[in-house]
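The structure under discussion appears below in the form of structure tokens.
The values are calculated or read from the model by the stated rules, or taken from the named source; none is laboratory data. Quick caveat, the model's predicted, so the values are computed rather than measured. Note that each Cβ is placed from the backbone with ideal geometry, even for glycine, and that neighbours are counted across all protein chains shown. Please note that ligands, DNA and RNA were not included when accessible areas were found on the heavy atoms of the full protein model with its side chains. Shrake-Rupley method; radii C 1.70, N 1.55, O 1.52, S 1.80 Å.
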Amino acid sequence: MATVAKKRASLEGASLGRGKRFRSVLRRDGALYLMAAIPVLYFIIFKYVPMLGLNIAFRDFKVGSDLLAFGEDFVGLQWFKEFFGSPFASRVITNTVVLSLLNLLITFPVPILLALAFNEIRRPHLRGFCQTVSYLPYFMSVAVVVSIMTNMFSVNSGIVNELLGRIGIGPIDFMQSNDWFRQMYIGSTLWTTMGFNSIIFASAIASVDTSLYEAAFVDGSTRFKNILYVTLPCIAPTIIMMLLLRMGQIMTVGYEKILLMYNSQNMQVADVISTYVYRNGIQQGKFGYAAAVDLFNSVINIIMLVSTNYISRKRTGTSIF
């Protein structure tokens with residue numbers, strides 16, 4: 001009995017000790033926990049709770065039906081079969097893959113190069129000015145960006161076609177052409193995002209130990225060689241992490257800009273999975289069908305993220321999970 005009493009007393013003492021430590025940590029870091037709670041609640045409310053609606057992809061869902069109930073409207077894989085059997089499936093999947101890969105190949109390395117270029121500017125005021133100018137387009141709305149593009153590249157009054165006409169090149173309908181849609185989309189995306197996306201790489205470069213550069217200069221290294229053999233190897237884990245995050249969105253193409261840019265003339269290359277889901281789900285009310293197509297898109301993203309994360313962990317030792 002005495003042994004049992006001692007064990008009970010020790011457990012109660014440990015519990016009280018944990019309670020005191022918890023209250024102490026809460027008093028000390030309460031503000032930090034409160035700041036962390038805001039994004040956690042955001043992801044729970046707007047990212048995880050909506051996952052309960054994934055069952056719509058397997059139902060003939062109608063507005064007013066119980067969102068979480070499987071009943072007579074259960075159709076199984078009917079919407080998936082309908083999508084893959086439709087003539088639009090190959091077009092939207094191909095357009096999504098091509099646009100995503102081109103976007104990744106062009107817009108991912110440019111912010112790295114831009115951060116390296118900013119790091120080589122020795123005058124702090126000039127560097128700050130250049131960085132601020134590069135960040136500003138990111139805060140412009142998509143509608144404003146497309147409006148600027150429309151005015152600049154208009155056939156009749158656009159400054160680009162006016163300049164081309166002066167050198168003897170006929171007017172080009174950039175905004176209505178299949179041949180120019182991808183260039184216009186990726187070019188505008190690069191312009192608006194490269195400065196803001198360079199922030200994370202500039203922060204990684206700022207954390208590189210300056211003694212490494214000093215040692216390299218002593219050994220006769222040049223500034224260009226310092227970039228190749230000191231800066232890039234030091235920020236390689238950051239580059240890999242950002243690439244993995246991008247791979248998790250490889251099949252995700254923002255539909256807002258495409259909806260503003262596409263028309264009957266360029267829809268052959270502009271129509272992607274997200275715009276296809278928008279047309280069928282929002283405009284035509286085919287909620288189950290649209291949910292099935294979007295679920296397929298999300299599954300591909302997850303597969304790409306998990307596979308590239310596994311390869312990165314095995315080859316470089318850097319991974320998200």
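Which FRET efficiency, nearest 0.05, do Arg27 and Leu243 yield, Cβ-Cβ r, R0 51 Å? Efficiency at R0 = 51 Å is approximately 0.80.
Extension gain, Lys20 to Val63, is 10.3 nm, computed as 0.36 nm per intervening residue step minus the present C-alpha separation. Distance from the alpha carbon centroid of segment 253-277 to that of segment 45-113 works out to 15 angstrom. Structural size metrics of the chain, computed from C-alpha coordinates, are Rg and Dmax of 26.7, 103 Å.
If you run the Gaussian network model on the chain, springs between alpha carbon atoms under 10 Å, then out of Phe43, Phe153, Phe22 the most flexible one is Phe22. Taking Glu214, Glu256, Glu162 as the candidate residues, the one with maximal mean-square fluctuation in a Gaussian network model of the chain, Cα springs under 10 Å, is Glu214. When the chain is treated as a GNM with alpha-carbon contacts under 10 Å, the residue of Ile56, Ile250, Ile38 showing the greatest mean-square fluctuation is Ile38. Solvent-accessible area of Phe201, all protein chains in place: 10 Å² (probe radius 1.4 Å, heavy atoms, ligands and nucleic acids excluded). Using the Cβ-Cβ distance between Arg313 and Gln265 with R0 set to 41 Å, the FRET efficiency from 1/(1 + (r/R0)^6) comes to roughly 0.35.
Between Ala36 and Phe217, full extension at 0.36 nm per residue minus the direct alpha carbon distance yields a gain of 60.9 nm. Probe 1.4 Å, all protein chains in place: accessible area of Val110 in Å², nearest 10? It works out to around 40 Å². What whole number of Å gives the distance from the Cα centroid of segment 189-225 to the Cα centroid of segment 119-148? Rounded to whole Å, the Cα centres lie 18 Å apart.
Taking the Cα-to-Cβ direction at Asp73 and at Val144 and moving 7 Å from each Cα, how far apart do the two end points lie in nm? Taking the simple label geometry, Asp73 and Val144 are separated by 4.1 nm.
Ligands, DNA and RNA excluded, the heavy atoms of Met261 present near 10 Å² of accessible surface to a 1.4 Å solvent probe.
Working from label points 7 Å from Cα in the Cα-to-Cβ sense, the Ile44 to Phe84 distance is 3.8 nm. Of the residues Leu228, Leu26, Ser203, the one whose Cα sits farthest toward the positive end of the charge dipole of the chain, with +1 on the Cβ of Lys and Arg and -1 on the Cβ of Asp and Glu, is Leu26.
Rg then Dmax, both in Å and based on the Cα atoms of segment 169-321: 21.4, 68. The rule of thumb for compact globular proteins, 2.2 N^0.38 Å, goes into the C-alpha radius of gyration of segment 111-216 1.44 times. Heavy-atom accessible area with a 1.4 Å probe sorts Tyr33, Tyr289, largest first, into Tyr33, Tyr289. Of all stretches in the chain that contain no trypsin sites (Lys or Arg not before Pro) in a DSSP loop with at most 12 other Cβ atoms within 10 Å, the longest one is 123-321. Please work out, to two decimal places, the log10 of the ratio I(q)/I(0) at q = 0.10, 0.14, 0.20 Å⁻¹ from a Debye calculation in which every Cα of segment 22-134 carries one identical scatterer. Listed by q, the Debye log ratios stand at -0.76, -0.96, -1.07.
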